[in-house]
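Participant: Have a look at the structure that comes next, please.
The values are calculated or read from the model by the stated rules, or taken from the named source; none is laboratory data. Bear in mind that the values here come from a model prediction, so they are computed numbers and not experimental data. Backbone-built Cβ (ideal geometry, glycine too); neighbour counts: all protein chains shown. The accessibility values were calculated without ligands, DNA or RNA, using every heavy atom of the protein model including side chains. Shrake-Rupley method; radii C 1.70, N 1.55, O 1.52, S 1.80 Å.
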Amino acid sequence: MKTVLRKILTYTVSLLVISGTLKAQNVSLEDAVYFKYYPRSIEGGESMQNGEYYTVLSPTGIDKYSYKTFQKTENLEKGTFSSYKFDKNEKFLLLESDPEPIFRHSKKAKYVLKDLTNNSYLPIFEGKKIQEPTLSPDGKQIAFVYENNIYTQNLENKEITQITFDGEKNKIINGVTDWVYEEEFAFVKAFDWSPDSKKIAYIRFDETEVPIMNIDIYGDKLYPTELSFKYPKAGEKNSIVNVLIYDITQKKTTQVDLNSYKDFYVPKIKFNPYNDDLYILVSNRHQNKVDILSYNPTNQNLKLVFTETDKAWIDTDNFILDFIAPNTILWASERDGFRHLYIYDTNGKLKNQVTKGNWEVTDFYGYNPKNNRIYYQSTEPGSINRGVYSIKLNGRNKIDLATKSGINSARFSKNYNYFILNHEEANHVPVYTLNNGNNGVLISVLENNENIQKAINAYTNFSPKEFKEIEVNGQKFNSYMIKPKDFNPSKKHPLLMYLYNGPGSQQVKNNSFDFYFWWFQYLASKGYIVAVVDARGTGAKGAEFKKSTYKNLGKLEIEDQIAAAKYFGKLPYIDSERIGMFGWSFGGYMTLLAMTKGADTFKTGVAVAPVTNWRFYDTVYTERFLQTPQENPDGYDKNSPINYANLLKGNLLLIHGSADDNVHVQNSMRMAEALVQADKDFDYMIYSDKNHGIYGGNTRMQLFRKISNYLFKNL
């Protein structure tokens, strides 16, 4: 629905530009919430195997386009689908419809398989809603998960085989992840086909002993229902995980022997496409040691390939592990202080470091064996920018493919002859171009959003982002500021600081417009200055800067934000008595610390869906940065705003969704109770049955009107 609305609004703006019927005006709250100036994008789609064509999901079906001409060449399927996927040989097209969300990434849906050779259709599992259907490499079978069990369906004789039988809600999960793995390791499909299509490796989760979380759902019935799921809070029991391999031919299951590990995670399993060995990543609970193991399903030999360690933590949610040749593994590590790419052989010998420098690799696009080059994105143009590069496997002969100031993101064809470049830069609309994959040379402009840019320039009192590196607490921080259009440097302005500041996050980027940008425009039109600072703990500036908050989450971050507020307060155009803060999730946590520990600096705060004590949050995320509450109680309690409720002086608006499965409303309830017992007045809003995003229907409009009016009244 939102996509359709954005397209309508974009079209409306385009017509207004052409007709010239509008005059410059302030951005309204409706403009911000309903994306009036939302630019068009190039969906990019999926490159086909030959690298000369790609496919796109359109409102009317699935279309095939030529990279060379960027023209549509064929319609592969008519209809309305939510997603699609090809098999390895592009003989089959898997069509998804009627998706039903489960948690943030997971869903179940109906699937139909189209045979492109004869245009026949096969409903998967008789049209029942299933999870993560995946075609075998030989294109003869499809594996999927239904009600926590793994099944296969033979595409030739239509026979369905159930592989696991012990799946049960809130007890045993086979082939898909539990809640905390999905949320914090960012994957759902926990199985993989062997390259010869004869075996399926999968992770089995036993969450029987994981404490249960019950959330009331009020709905429109006489009695509320309940969402019940297993959620391991910091220091509590996790799922017991095992890795198993099912042999399709022998109909036999073998368990990989991981008995030497205790209290561990398996954040990734992946077959080596060249030799059928299964690679298993095993992390300790602290997530500062990861063993990369290989397992031979034939002789059941388990071998340690190499180990990655860190004095603080390893980003277990963002592994780069790729098999780029029969005996060659690509790996990402921060071992030299910045995230770079390394080459190992399959015996665990380090061959070489591919990328080097005081900058970070932020994305890996792939490897082209024909020219022996790796394609990647990095912060080499500066921490608020991103560039696209290719480099030889030996770390030499680097080519700058896209390094124009701003954020450059690429989608390469499978032969790496082309890439679709999305170039974003602050205060400008994104531009999409087709470029040569060998040298980065522009081939054609695909979408320049010219009409949207003209509309913004002509019809809005636009206030640009102004970037500045500020120095406080002996540190240099990236920041930006948005000032009113009619900014008067001799006049004192109220300041709203927005932040997230979670470990490895980044809010200060040289990118195009996002939702908050247009809301900030609305605030600026009312005379407010908005500032954003990425303090210690944030990303893109190296491991030392990011990991300085280890085992003491919240302490340095809020000290830096308070110091930044005082820095801004000394500027001649900032009213130091009218400084406020707004944040969501980790940013909500920081806002509560600002209003308590920083009560002498901040007049007004709006905290949305905040963590109020990390004891309430999940094991994987929290313990990565703090270890367990049993090991590090001070790291949890000395930085919990609940314990500083008595320090509140200013105006506080506390907001939460009652059905938040991520940061539970328990956090705000406990904070509210602490404030009440400290005899502190505050404002409170609970959005019934809304999750962590707090949206649906008119919710977002009402939410941001409430926040805006609160700021206008109290700041």
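Participant: When the chain is fully extended, how far beyond the present Cα-Cα distance does Lys91 get from Ser688, taking 0.36 nm per residue of separation?
Facilitator: The Lys91-Ser688 span can extend by a further 210.2 nm.
Participant: Okay, moving on. Can you bin region 526-587 into rounded, prolate or oblate? Criterion: square roots of the alpha carbon gyration tensor eigenvalues sorted a ≥ b ≥ c, rounded for a/c under 1.5, prolate for a/b above b/c, oblate for the rest.
Facilitator: Since a/c reaches 1.5 and a/b is larger than b/c, the shape of region 526-587 is classed as prolate.
Participant: Taking a ≥ b ≥ c as the square roots of the Cα gyration tensor eigenvalues, with a/c under 1.5 meaning rounded and otherwise prolate when a/b beats b/c, else oblate, which class fits region 469-601?
Facilitator: On the way: a/c = 1.76, a/b = 1.46, b/c = 1.20.
The shape class here is prolate.
Participant: Largest first, how would Arg578, Arg624 line up by accessible area (1.4 Å probe)?
Facilitator: Result, largest first: Arg578, Arg624.
Participant: Along the Cα→Cβ direction, 7 angstrom out, place labels at Ser120 and Ile102. What is the inter-label distance in nm?
Facilitator: 3.1 nm
Participant: Using the charge dipole of the chain (Lys, Arg: +1 at Cβ; Asp, Glu: -1 at Cβ; taken about the Cα centre), state which of Asn148, Ala607, Pro633 has its Cα farthest towards the positive end.
Facilitator: Ala607
Participant: Still on this structure, I have one more. What per residue convex hull volume, in Å³, do the alpha-carbon atoms of region 48-117 yield?
Facilitator: 107 Å³
Participant: Run the numbers on the chain and let me know its relative contact order in percent, using alpha-carbon pairs under 8 Å that are six or more apart.
Facilitator: Values: 1683 pairs, mean separation 67.6, N = 715.
The value is 9 percent.
Participant: From the Cα gyration tensor of region 295-448, with a ≥ b ≥ c the square roots of its eigenvalues, which class applies: rounded if a/c is under 1.5, or else prolate if a/b is larger than b/c, or else oblate?
Facilitator: The shape class here is prolate.
Participant: For Ile248, which sequence-distant residues (separation of 5 or more, or a different chain) have an amide H within less than 5 Å of its own amide H, given hydrogens modelled in the peptide plane?
Facilitator: Lys199, Ile200
Participant: Hey, could you get me the Stokes-Einstein D for region 122-192, Kirkwood radius over alpha-carbon pairs, 4 °C and 1.567 mPa s, rounded to whole µm² s⁻¹?
Facilitator: Estimated via Stokes-Einstein, D reaches 102 µm²/s.
Participant: Over the chain, what percent of the accessible surface lies on carbon and sulfur atoms, probe 1.4 Å?
Facilitator: Of the solvent-accessible surface of the chain, carbon and sulfur hold 47 percent.
Participant: Mind ordering 556-568, 681-693 by average Cβ neighbours within 10 Å, highest first?
Facilitator: 556-568, 681-693
Participant: To the nearest 20 Debye, how big is the dipole of region 448-490 about its Cα centre, given +1 on the beta carbon of each Lys and Arg and -1 on that of each Asp and Glu?
Facilitator: The dipole magnitude comes to about 60 debye.
Participant: Under a 1.4 Å probe, what is the accessible area of region 248-342 per residue, stated in Å²?
Facilitator: 43 Å²
Participant: OK, next. Of Lys541/Lys706; Lys454/Lys476; Lys349/Lys541; Lys547/Lys597, which pairs sit farther than 27 Å apart, going by alpha carbon to alpha carbon? Please list the in-between numbers first.
Facilitator: Details: Lys541/Lys706 36 Å; Lys454/Lys476 36 Å; Lys349/Lys541 29 Å; Lys547/Lys597 22 Å.
Beyond 27 Å: Lys541/Lys706; Lys454/Lys476; Lys349/Lys541.
Participant: Roll a 1.4 Å probe over the protein chains and send me the accessible area per residue for region 73-203 in Å².
Facilitator: About 43 Å² of surface per residue is accessible.
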